[in-house]
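Any read-out appearing in this document is the output of simple, stated calculations on the displayed coordinates, not a laboratory observation. Worth saying up front: this structure is predicted, and the values here are computed from it rather than measured. A quick note on method: Cβ atoms are made from the backbone with ideal geometry, for glycine too, and the neighbour counts reach across all protein chains shown.
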Amino acid sequence: MPLLSADTLRETMRHVPSAVTVVTAGTEEKYRGVTIGSFTSLSLNPPLISFNIGRQSRIHPLLESGPKFAVHVLSASQSDLSRRFARSGLTQEEQFAGISHSVSPDGPPLLDDTALILCCEPERMIHVGDKSIVVGHVLWTTVADTPSSLLHLQSEYRGIRTTSESGDGSSPRLSDISASLSLPFQEMF
């Protein structure tokens, strides 16, 4: 059987929906952000998450050496942030220009108005091929009062939110709240 090409795998994986996240790392003086499409919960006890990052990414050394990083799940209206942090070649100032955020001396930059944030300490980094699998120990989380989330599917962005419009007291359902917004980001398959 012939080997599967990277292009075939990339095209196949475009059919798998994923939450759009931005990972930030560093401290007051030097920090970066990157759009990630591979974020997942790994363990509840201890509380661990994971994601994949390109080994050539500018944020990679900050994730290896930094004391903390933050994972921001973007809200349905934040496709612009996804595109900004997916662009390679931007300086730190260009990445964060005009974006409401805060930076503390001992923590990663925190983006305002995202659906949720998980602040993590690096637990482990495993190098596999041209990527690294980053495992983080979750220290704390915050969730927006009325969260909506941005998804990426078939090279398009989609916004979803929970809704309980049935009026019968049943569990909330997911509802599509935005039109497709084309433009893939680079960390995604």
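Before moving on, here are some points about what is shown:
- Computed over neighbours whose Cβ is under 14 Å from that of Leu116, the net charge equals -2, Lys and Arg +1, Asp and Glu -1.
- Taking 0.36 nm per residue of sequence separation and removing the Cα-Cα distance, the Glu94/Lys30 pair yields an extension gain of 21.7 nm.
- Paramagnetic reach from Thr142 (point 7 Å along Cα→Cβ, amide N under 13 Å) across the range 73-87: 73
- Sequence of His72, His137 once ranked by neighbouring C-beta atoms within 10 Å, starting from the fewest: His137, His72
- Shape annotation for the chain: C-alpha extents along the principal axes are 51, 51, 37 Å, from largest to smallest.
- Nitroxide proxy distance, nm - points 7 Å out along Cα→Cβ at Val135 and Leu44: 1.9 nm
- Förster-model FRET efficiency, 35 Å R0, Leu3 and Met125, C-beta, rounded to 0.05: 0.85
- Mean Cα-pair separation over length for the chain, i.e. relative contact order, pairs under 8 Å, 6 or more apart, %: 26 percent
- Dipole magnitude (debye, nearest 20) for the range 6-182, charges at Cβ of Lys, Arg, Asp, Glu: 440 debye
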